[in-house]
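> Shown below is the structure under consideration.
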Amino acid sequence: MLLPTVGNPASHSKYRPVLGFHPSRVVPGTAAAVVLDRPIEKLTPNKLTWAEIPFSSLQEELDAIDEYEREEDLDRGSSWPKFLRGAAYEYWGQPNLALAQYATIEAGTNLLKVPELWERKAYNCFKIGNVMQASAFFDIAINLYNLSVGNELHFVHWFYRHFKDYVPKWNGPPAPVQRGICKYCMGMSKIARESFVAQIVMKKEGMEHALLWFLAASYKSHTDEAVLECDLKIVHSTISEQFDWNPRLRLFIDLYLAYANGVFGRVAELEEELSNAVKKDGSDDIVTKVYIALYHDAFTKDESERDRALDELSAVGTTSKQNDTENFLFHTAVNRFSAPGKEKSDVSKSLG
């Protein structure tokens, strides 16, 4: 597939320098950046963003990146194609190869100032079971976000202003949800809670998942009844709004709320309702099993029931897609909601 078919600036020889000034090499305020001061929408029809290109296979996507690299006559060490290749492997469910590509981005390049790169590294580390390293990568991403807030000279603002249409597909649930789940698996329930709140406040996609993990993290970590009461009010306020709620996940939200509120008569009713729904629709739903396991992990503390659900999930082996929310939740079960103690986080090695 040729990039010209998607209205990419690289398809027009007169605009090739635009993507020739790759985000890994351009410094805001320099002569190279001036070229991009013109809105990129005026340079190209932009029929599709990079994330919208319907690649049919990993090889097709890699071939397109290779052709793009040749057409642009990029330096051998250019980091942008490495980022694209890493994202391609990530999307097609090969986290080890994705991490290998991301690791080739040389230290000191501007692309390492973009939080999304570290979030993608964290996503792939989590999927291979290296939860501690994933947690460290998420921390780097948060630090970069903090450095960029209120600082318009930070590279990340320039990057998204000019390259947002060329960023690859995002995989799994939103980054704050991924980070929160990762922190939960690290046993850092209070930090996890903060990450889920960030997603809930934005009121974007993944709302049900953010609420469920938020409730679990809040209940598991609370030592102050006033804090728990405040968190429950946040959830009640959110679910009172008009969202297109998933019926099964809404049942789990109600169950988690009932348990956290200590309304155990209602808990019994909801448990029976969920049990009947599973029997009626089948018990092979991965997301349902994850939230059954999380229910026992955070609320009932019934380790045997939690482990039974996790064992059943692990036995599935894989999911139909390798890049959606269901797949990420599946890996929380494979990781068994925990981080193996034998792992050691070595951020310094990963910076290169």
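> What translational diffusion coefficient, in µm²/s and rounded to a whole number, does the Stokes-Einstein relation yield for region 53-170 at 10 °C and a viscosity of 1.306 mPa s, taking the hydrodynamic radius as the Kirkwood radius over Cα pairs?
Diffusion coefficient, whole number: 106 µm²/s.
> For the pairs 190/279; 121/183; 121/321; 127/289, flag any whose C-alpha to C-alpha distance is greater than 23 Å.
Those over the limit are 190/279.
> I want to check the label-to-label distance for residue 96 and residue 59. Put each point 7 Å from Cα in the C-beta direction and report it in nm to one decimal.
So the two model labels end up 2.1 nm from each other.
> Give me the extension gain from residue 239 to residue 227: residue separation times 0.36 nm, minus the current Cα-Cα distance, reported in nm with one decimal.
Contour length minus Cα-Cα distance gives 2.4 nm.
> Summing Lys, Arg as +1 and Asp, Glu as -1, what charge do residues with Cβ under 15 Å from the Cβ of residue 98 carry, residue 98 excluded?
With Lys, Arg at +1 and Asp, Glu at -1, the net is +2.
> To the nearest 10 square angstrom, how much accessible area does residue 222 have with a 1.4 angstrom probe?
50
> Just in region 145-246: which GluC sites (Glu not before Pro) are loop by DSSP and have at most 14 other Cβ atoms within 10 Å?
Taking region 145-246 and a limit of 14 other Cβ atoms within 10 Å, the loop GluC sites (Glu not before Pro) found are 152, 205, 241.
> Hey, with R₀ at 41 Å, roughly what FRET efficiency would residue 153 and residue 73 work out to, going by the Cβ-Cβ distance, to 0.05?
That pair, residue 153 with residue 73, gives E of 0.85.
> Here's something else I'd like to know. Karplus couplings for region 151-157 from phi (6.51 cos²θ - 1.76 cosθ + 1.60, θ = phi - 60°), rounded to Hz, Gly and Pro as x?
Along region 151-157, the couplings run 10, 5, 7, 5, 4, 4, 5 Hz.
> How high is the relative contact order of region 53-170? Use alpha-carbon pairs under 8 Å, at least six apart in sequence, and give a whole percent.
20
> Take 76, 120, 266 and sort them by solvent-accessible surface of the protein heavy atoms, 1.4 Å probe, largest at the top.
76, 266, 120
> May I ask you to rank 257, 48 by accessible area, largest first, using a 1.4 Å probe over the protein chains only?
So, going from the largest accessible area down, we get 48, 257.
> Ok, one more. Students sometimes get this wrong: rank 280, 169, 203 by accessible area, probe 1.4 Å, all chains present, largest first.
280, 203, 169
> If you average the C-alpha positions of region 274-343 and of region 115-134 separately, how far apart do those two centres end up, in angstrom?
If we compute the Cα centre of each part, the gap is 20 Å.
> Next question. Just in region 50-125: which GluC sites (Glu not before Pro) are loop by DSSP and have at most 15 other Cβ atoms within 10 Å?
Of the GluC sites (Glu not before Pro), the ones in loops of region 50-125 whose Cβ has at most 15 other Cβ atoms within 10 Å are 106.
The values are calculated or read from the model by the stated rules, or taken from the named source; none is laboratory data. Owing to the predicted nature of the structure, the values given are computational and were not obtained by experimental measurement. Cβ atoms come from the backbone with ideal geometry, glycine included; neighbour counts cover every protein chain shown. Heads up: the accessible areas ignore ligands, DNA and RNA and are worked out on the full protein's heavy atoms, side chains in. Shrake-Rupley method; radii C 1.70, N 1.55, O 1.52, S 1.80 Å.
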